[in-house]
Amino acid sequence: TGCCSKTIIARMPSKPITRGQAATLCLLVPFVFGLGQVHAIERFPYAQTKVFPGSEWARWPTPGAAGWSAAKLKTARKYTTTTKTAAVLIVQGGQVVDEWGETKRPFKCHSMRKSILSALYGPHVAAGKIKRTSTLGELGIDDNAPSLTDAEKSATVADLLKARSGVYHPALYETKGMAARRPKRGSHVPGTFWYYNNWDFNALGTIFKKQTGQGIYREFESRLAKPLGMQDFVREKHTRYFTGADSVHAAYPFQLSARDLARFGLLFARGGRWGDSQIIPHDWVNESTSPYSTTERGGGYGYMWWVAANGKFYPNVTLPDGSFAASGYRGHKVLVIPQWDLVVVHRVNTFEKEGSVSTTEFGQLVKRILA
């Protein structure tokens, strides 16, 4: 992003550089990979190689070849034996640094589905099929009795993307905690108050299908899964809409593997670009992962992405502002740090009824990984 990095890009050979050349390049551009320290280098030099996975993920020959400590990664791995972690995958420079657990197994994504839908919105907003300024009333969006008031129908698509709709109608696929924290109907004017609201997220699914004429799962398959080369996703097996009596707006759960989610994370680490194709508009990636609200933990919230802001994100570790994550119930995470061209995927086996990894524990894990 600075003049130096632009010069490096301009002087890159036309053919892909070797791992040895990449390692030499790393030595030429000093940086400090310290917790809570963001120095003059805004992006790791590995990002300059722009490696993308093919049918299989490429791997660094050793963590040391990528500038990582194998011993300290073992410490991070050992820590996960004390938690309910099912899988971890670490990607930098488009290649796997380390992984452990069931990284090929499609687990439930839970609320990570929301960041996926946010990504799918980008191309259709750019094409004009979806307008962020459109109101629920204009789009004909309502719900079961007690139906939406005129004030609630004044909420815009942008309000829903930011979880600031002011619509507190019962929603599907909520946890008990979410339902208990839901504000009273009419307590906040649309656009004025952030509340992590499944009604907003589910209604956005309805709006997407209505405005594009395309189902979320088919769109995900054609727009993301196939172009990114996801290895474990089978639409007929790993997707099913969730419906119920509380609301007309269905939830859209996914099951995805850690290594497939890492492709999604890498796409966003690279500004929506995959090889020679701009899959998601670059402006949408920047806009959707910018903070518009402050969350309970002090970080930010974008368009259905959790965002590091004001030096705050997870307990026990400080990440650079501009980092962001998709997050799911009981500890699922796709953490993206674009400045370091780094993606960390964390999974929990939530097919089992018990067990979770708290944000505090995840922060401890990320601290050990970044050490």
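Just a few scattered comments:
- The figure for Thr359 is an accessible area of roughly 40 square angstrom, using a 1.4 Å probe on the protein chains alone.
- Proximal aspartates and glutamates relative to Lys72, as straight alpha-carbon distance under 16 Å, when same-chain residues fewer than 8 apart are discounted: Asp98, Glu99
- Pairs from the table (Lys176/Lys210; Lys312/Lys367; Lys84/Lys333; Lys74/Lys108; Lys108/Lys333; Lys74/Lys353) lying more than 18 angstrom apart at Cα are Lys176/Lys210; Lys74/Lys108; Lys74/Lys353.
- Kirkwood-based shape ratio for the chain, expressed as Rg/Rh from alpha carbons: 0.97
- Loop exposure criterion: GluC sites (Glu not before Pro), DSSP state outside H, G, I, E and B, at most 15 other Cβ atoms within 10 Å. Applied to the chain, the longest stretch between such sites is 103-295.
- Tail weight of P(r) past 21 Å, computed on alpha-carbon pairs of the range 290-371, percent: 23
- Pairs of alpha carbons in the range 134-285 separated by more than 27 Å make up 31% of all such pairs.
- Solvent-accessible surface ranking, highest first, for Tyr303, Tyr292 at 1.4 angstrom: Tyr292, Tyr303
- Helix-only [θ]222 nm of the chain, DSSP H runs n ≥ 4, -39500 (n - 2.57) each, per residue, nearest 500: -8500 deg cm²/dmol
- Based on the Kirkwood approach, the hydrodynamic radius assigned to the range 206-341 is 16.3 Å, with every pair of different Cα atoms included.
- Its relative contact order, with pairs defined as Cα atoms under 8 Å and 6+ residues apart, puts the chain at 22 percent.
- The long axis of helix 359-370 is offset from the longest Cα principal axis of the chain by roughly 20 degrees.
- Ligands, DNA and RNA aside, His110 has an accessible area near 20 Å² when probed at 1.4 Å.
- Those trypsin sites (Lys or Arg not before Pro) in the range 184-287 that DSSP places in a loop and that have at most 16 other beta carbons within 10 Å: Lys184, Arg185, Arg240
- Size of electric dipole in the range 179-260: Cβ of Lys, Arg +1 and of Asp, Glu -1, about Cα centre, debye, nearest 20: 180
- In the context of the full protein assembly, Asp321 retains an accessible surface of approximately 80 Å², using a probe radius of 1.4 Å and ignoring ligands and nucleic acids.
The values are calculated or read from the model by the stated rules, or taken from the named source; none is laboratory data. Since this is a predicted model, take the numbers as computed values, not measurements. Because the Cβ atoms are built from the backbone with ideal geometry, glycine has one as well, and the counts that use them run over all protein chains shown. When the accessible area is computed, the model is the full protein with side chains, heavy atoms only, and any ligands, DNA or RNA have been set aside. Shrake-Rupley method; radii C 1.70, N 1.55, O 1.52, S 1.80 Å.
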